[in-house]
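Heads up: the structure comes next, in structure tokens.
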Amino acid sequence: MRQLINLGLLLFICLFFLPKTVAAQDSIPDLTAKAAIVMEASTGKVLYSRNAEERRYPASTTKIITLITALEYGKLDDVVTASQNAATTEGSSLWLLPGEQLTLLDMLYGIMLVSGNDATVAVAEHISGSVDVFAKLMTEKAHSIGAVNSNFVNTSGLPDERHYTTAHDLAKIAAYGYKNPLFTQIVSTQHKIIPWPGKEHDRDLYNENRMLWLYDGANGVKTGYTDAAGRCLVSAANRNGVQLVAVVLDSERMWDDSIKLLNYGFAQLKPVPVVHKGDILKTVKISEGKTGNVKLVADQDIVLPMADNEHDQFSTVIDAPNKMNAPVAAGQKIGTVKVLYNNVEVANADLLADQQVERKSFFGMLWGSVLGIVSFVIHNFA
């Protein structure tokens, strides 16, 4: 009897509790944020948004584009010297002293883990000479990414009427960042020790982004707060190769809101293999070779996140010649396969020759020509 009762209780739990858990993830998120979005990074597919195109203050989420710009314009092993101007920057701080020196890479960890406003100024002055010039690079970079509704006039996110972005733009910027492995490494770092010149101990930095501890698969990206912006968070997570970016701006419960958005996003998508490593995707004719053709095989898997109803929005394009001359080396790159989402490239893989093809000798080519002439005569004059 006790076994029957336990079985009945188990069935009750399965029927009444588990479906509700799944439904909670599938249902539209109930958020406190004034503006929000969750987006799949590789395709830019928006899975949910609220007021995502509304212009808002970004607070320290600004530092995401600061990081991207510094990575692309700076040299990581450069020594950056903090000026008086940098050291006296208001707001959150790495506690730099005038004249203090750190490598650019260490400065970037200080910017992203503990939101050092002083470090953003030091980096901007080192790379561009001034914050104003560096901020223009930030805006130009954002616009080139497609975040065209943003304008940045400082590196830290301190309030300024001319300094604004949108939830959608922040998602685009963060998604772009994940194309760079070093960006991913920095924003996903929970703990980092960097030097503290003049002190008896190093700086012990712990990332202020609690999502790195709260959420399975979390790998970024940045918190922010000012009175004007409210509580802001750009978060991200990767599960089974699916990279999501979520943004909440002016949120009363930014951690809860972000978890709800990411849960909702992952519930909408599943990883689908588009290309398998070793797939034969084309045959190329080889002229003057001992073998008449080679097969082109993909050098890696391509797995992309898809919703159930959007498979027809993906297509593949083979970029490779129809014929080429010998010799050909085994494993030689001959072309590429590109995967398009709504006609925009989102992934690619190299196409490699499956075998070596040596060039025919002079007599081999001569004999081949003779056989060709004989064959022509037989077929046309016999």
Quick check on segment 139-147. Is at least one of its residues acidic (Asp, Glu), assigned to a helix (DSSP H, G or I) and surrounded by fewer than 14 Cβ atoms within 10 Å (Cβ to Cβ)?
yes
Please go through segment 104-131 and give me each residue that is closer than 21 Å to residue 191 by Cβ and not in a helix (DSSP H, G or I), ordered by number.
115, 116
Run residue 265 past the list (1) within 14 Å of residue 43 (Cα to Cα); (2) in a loop (DSSP other than H, G, I, E, B) and report the number of the one that doesn't hold.
(2)
Could you list all residues from segment 114-130 that are surrounded by fewer than 24 Cβ atoms within 10 Å (Cβ to Cβ) and within 18 Å of residue 71 (Cβ to Cβ)?
125, 126, 127, 128
Top-ranked residue of segment 50-80 - restricted to ones that are assigned to a strand (DSSP E or B) and out of contact with any His (no Cβ under 7 Å at 6 or more places or on another chain), ranked as farthest from residue 165 (Cα to Cα):
79
Whichever residue in segment 32-50 is of a type in the set (Val, Ile, Thr) and touching a Pro at 6+ places or on another chain (Cβ under 9 Å) and, among such residues, is surrounded by the fewest Cβ atoms within 10 Å (Cβ to Cβ):
43
Quick one: count up the residues across segment 252-265 that are surrounded by fewer than 22 Cβ atoms within 10 Å (Cβ to Cβ) and not acidic (Asp, Glu).
5
Check on residue 206, over 16 Å from the mean Cα position of the chain (by Cα), among the aromatic types (Phe, Trp, Tyr) and more than 23 Å from residue 93 (Cβ to Cβ)
no
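For every residue, the table says whether it meets (1) in contact with a strand residue (DSSP E or B) (Cβ under 6 Å, 6 or more places away or on another chain); (2) modelled with pLDDT under 95; (3) on the phi > 0 side of the Ramachandran plot.
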residue	(1), (2), (3)
192	yes, no, no
202	yes, no, no
228	no, no, no
234	yes, no, no
246	yes, no, no
256	no, no, no
273	yes, yes, no
Among the candidates 139, 88, which residue alone is over 23 Å from residue 56 (Cα atoms) and not basic (Lys, Arg)?
88
Only one of 293, 240 is assigned by TED's automatic domain parsing to the domain that holds residue 57 and at pLDDT below 95; which?
240
Take residue 68 and decide whether it is surrounded by 14 or more Cβ atoms within 10 Å (Cβ to Cβ), modelled with pLDDT of 95 or more, touching a Leu at 6+ places or on another chain (Cβ under 8 Å) and more than 24 Å from residue 267 (Cβ to Cβ).
no
Please note which helices (runs of 4 or more DSSP H) are completely contained in segment 163-248 and include at least 2 residues that are out of contact with any Leu (no Cβ under 9 Å at 6 or more places or on another chain) and among the aliphatic types (A, V, I, L, M).
167-177, 211-214
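The values are calculated or read from the model by the stated rules, or taken from the named source; none is laboratory data. As the structure is a computational prediction, the values presented were derived from the model and not from experiment. Heads up, the Cβs are rebuilt from the backbone with ideal geometry, glycines too, and the neighbour counts pull from every protein chain shown.
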